[in-house]
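Below you'll find the structure, written out as structure tokens, and then a few comments.
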Amino acid sequence: MNYFLNLLMSGLVIGSLYGLISMGFAIVYRATGMVNFAVGETMMLIAYISYNLAQFPGLGFAGLLLTTIPISVLLGLLIERIFIRPMLGEPMFSRVMVTIGLAVVIRSAVILIWGVEPKAYPRPLGDEVIKFGELALYPGQIFSLVVMALLCLMMWAFFRHSRVGIAMRATSNNETTALLMGINVKRISAISWALSSVFAAFAGLSFCLMFSLEPEISQMGLRGFPASILGGLDSVIGGAFGGLVIGVAENMAGGYLGRGLKEIAGFVLIIVVLMVKPYGLFGQREIERV
Amino acid sequence: MRTQTYKTNYAELVALTPHASNWAWALMGLLIVACAPLILGSHGLNILSVIFVMAIGILGLNLLTGVTGLISLGHAGFLLIGAYSQAILTTDYHFPAWLAIFASGLVAALASLVVGIPSLRLKGLYLAITTLAFTFIVRHIVLFAENITRGSEGMAVEPLKILGYAIKSDMPFFYVALIMLVFFILITLNIMRSRIGRAWLAVRDHDIAARAMGINLMRYKLLAFMVSAFYTGVAGSLVALQTRYINVDTFSILISIEALAMIIVGGMGRVHGALLGTVLILLLPELLNFSFSIAGDRFTTLMADRIYEIKGLMYGVVILLFLRLEPEGLAGIWRKAKRFWVHWPLSQ
């Protein structure tokens, strides 16, 4: 039972990382209808920048958050302005390929600048295990879970009550109509990229607080795909839920079924899910007209 | 002055080439390429062979992504399957190597059903991600099925034998690769002018409209997957025959991205585009190598240490530049250049 509980808990922790990443995918997909293949690499770049920031003495964890998040917003806006907006109106394939190209460029550049050796990320939250009955968690793991829960709540409120959130939903529903209603569609796209980058920043920070920083972090982007597919590409909250499910499923497969299965359990799961429900569990069915 | 190529009857529409003179040009180009061993050294021949082998796979990817419009990030997986089938069939089951080439293509085509059948209901990005998942799964199966694939150690591959003569050196392999490439180009051109090729184009342009016109979507999408995987499987087995030692790490996700870069650079959906794109992308590292060796020792060591990242950076930049500046790729540049000459004093 203890083994099961620990597997479940560490699955949920990894799942919260996947959840953060897939929320990053979903928010861009909702606003612009494209998949941002560069989320993992954005996360990597921000994590490395925050590593350099964390070297400043006396910054503290709050200071680190307060510097990293604005940088990630800026990065998201820059990417949108330089690479994504000029492609507006091009076929979807080209637009998605731009993000793939961008992903490769960022990953290679980061490795060229920072090198491949793992870096010991400082532990501003401390390194002592915190016990909850039988469960033992590191502060970084708690941070990841809490951040995801908070962001989920905020996103739910954002899409339901804020003007920008409602405008975003309108844009994803029908871009032309939204434009006619006076919504600034370009601004919506910029905001969604900035938000996606913020999710990537939180995912990157959580990753760094749990593991050491190394180039494999960019793989997390690809590993987050099953989560967003499971939840449906266009559902932000669904992505978070999908992340938790995939994290737990991977850990259970690794713990009970044998080695090697951990890495592919998520991918096998989504191939099966997509056979049954082609738009994920919470995704909206697209109705096409000729 | 030739203004346009007008097609006035069905026979002209399905002709392999629009003008008889194209054959002469193609033959001349082929002759020049076939004379390459006279001037190129072993390194040059090796690069050309890699280009020919890769071009076969790219022709396959182009049929799926460029012609049928189904994005695949999984071709590294098919390449891997082809290469391992070649190695396993020749060492463990004692297939003759030439037969194993086509058998590996068939194995890859069968494997494509695994991803092809669920993808029938998927479109665009969902499909891209499923094919990506496929690559991950294949890599892990190869790594963990140690009693069949030797796991992470990799496998040695027996050389190809033709009439009892083992092809081990660069020059004979160069000709084998060239002949295979010409064979596959001819097959591709023939598929493209047939009912199948036109059906694929219709599926790409609008699949629901295509279905309304009586094209069986399921059959043609699956066929596109299988044909494409067959090409890539054959390319994989040739890769195995060329390097004669294979390992999972040879077939990373970057290969899939490299392949997409090739068809984007070349121009989607065009046979000569696929070939031009392959040549350009595979020659770029050589150019870079050359310019770095001029720049000095410091850069040469950087190149040696970080070749993987530098290549990645280059592919990324090339993809971004072409998408932004010339979405039609090299095939588009070629078309514009040709029009410029044909129309010359009147061209704008």
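Assorted remarks:
- Candidates A:Phe56, A:Phe132, A:Phe83 - the one that is more than 22 Å from the chain's Cα centre (by Cα), aromatic (Phe, Trp, Tyr) and over 30 Å from A:Leu7 (Cα atoms): A:Phe56
- Those residues of segment A:56-72 which are closer than 20 Å to A:Asp127 by Cβ, in contact (Cβ under 8 Å) with a residue 40 or more places away in the chain and not small (Gly, Ala, Ser), in sequence order: A:Phe61, A:Leu64, A:Leu65
- Checklist (1) modelled with pLDDT of 80 or more; (2) closer than 18 Å to B:Asn190 by Cα; (3) loosely packed, with under 10 Cβ neighbours inside 10 Å applied to B:Ala26, failing item: (3)
- Taken over segment B:319-337, the residue count meeting the criterion of being more than 8 Å from chain A (Cβ to nearest Cβ), in contact (Cβ under 8 Å) with a residue 24 or more places away in the chain and either at positive phi or not in a loop (DSSP other than H, G, I, E, B) (or both) is 6.
- Filter result for A:Ile46 (assigned to a helix (DSSP H, G or I), more than 14 Å from chain B (Cβ to nearest Cβ), within 22 Å of A:Gly15 (Cβ to Cβ) and modelled with pLDDT under 85): no
- Against the list (1) under 12 Å from the mean Cα position of the chain (by Cα); (2) surrounded by fewer than 23 Cβ atoms within 10 Å (Cβ to Cβ), the condition A:Phe225 fails is (2).
- Test: residue in segment A:49-58 that is over 21 Å from A:Phe143 (Cβ atoms), modelled with pLDDT of 85 or more, assigned to a helix (DSSP H, G or I) and of a type in the set (Phe, Trp, Tyr): no
- Note on segment B:249-287: residues that are surrounded by fewer than 23 Cβ atoms within 10 Å (Cβ to Cβ), within 13 Å of chain A (Cβ to nearest Cβ) and aliphatic (A, V, I, L, M) amount to 3.
- When segment A:240-275 is limited to residues that are of a type in the set (Phe, Trp, Tyr) and either more than 12 Å from chain B (Cβ to nearest Cβ) or more than 22 Å from B:Pro118 (Cα to Cα) (or both), the one that is surrounded by the fewest Cβ atoms within 10 Å (Cβ to Cβ) turns out to be A:Tyr256.
- In segment A:138-180, counting only helices (runs of 4 or more DSSP H) that sit wholly within it, the ones holding 1 or more residues that are in contact with a helix residue (DSSP H, G or I) (Cβ under 9 Å, 6 or more places away or on another chain), at negative phi and exposed (fewer than 12 other Cβ atoms within 10 Å of the Cβ) span A:139-161, A:175-180.
- Scanning segment A:103-119 for residues that are assigned to a helix (DSSP H, G or I) and more than 7 Å from chain B (Cβ to nearest Cβ) yields a total of 5.
- Cβ pairs under 8 Å, 6+ apart, first in segment B:200-215 and among the β-branched types (Val, Ile, Thr), second surrounded by fewer than 12 Cβ atoms within 10 Å (Cβ to Cβ): B:Ile208/A:Glu288; B:Ile208/A:Val290
- Number of positions in segment B:239-274 that are in contact with a strand residue (DSSP E or B) (Cβ under 9 Å, 6 or more places away or on another chain) and in a helix (DSSP H, G or I): 3
- Boolean, B:Ser228 is more than 14 Å from chain A (Cβ to nearest Cβ) and touching a residue at least 12 places away in the same chain (Cβ under 8 Å): yes
- Subset of segment A:206-222 [polar (S, T, N, Q), within 14 Å of chain B (Cβ to nearest Cβ) and buried (at least 22 other Cβ atoms within 10 Å of the Cβ)]: A:Ser218
- Members of segment A:184-202 found to be within 15 Å of A:Arg30 (Cα to Cα) and of a type in the set (Phe, Trp, Tyr), listed by number: A:Trp193, A:Phe199
- Condition check for B:Asn190: in contact (Cβ under 8 Å) with a residue 12 or more places away in the chain and either farther than 25 Å from A:Val276 by Cα or more than 14 Å from every other protein chain (Cβ to nearest Cβ) (or both): yes
- Residues that are closer than 13 Å to A:Val116 by Cβ and at pLDDT 75 or above were ranked within segment B:293-311; the one that is nearest to the other protein chains (Cβ to nearest Cβ) is B:Glu309.
The values are calculated or read from the model by the stated rules, or taken from the named source; none is laboratory data. Small disclaimer: the values here were computed from a predicted structure and weren't measured. For neighbour counting, all protein chains shown are included, and Cβ atoms are generated from backbone atoms with ideal geometry for every residue, glycine included.
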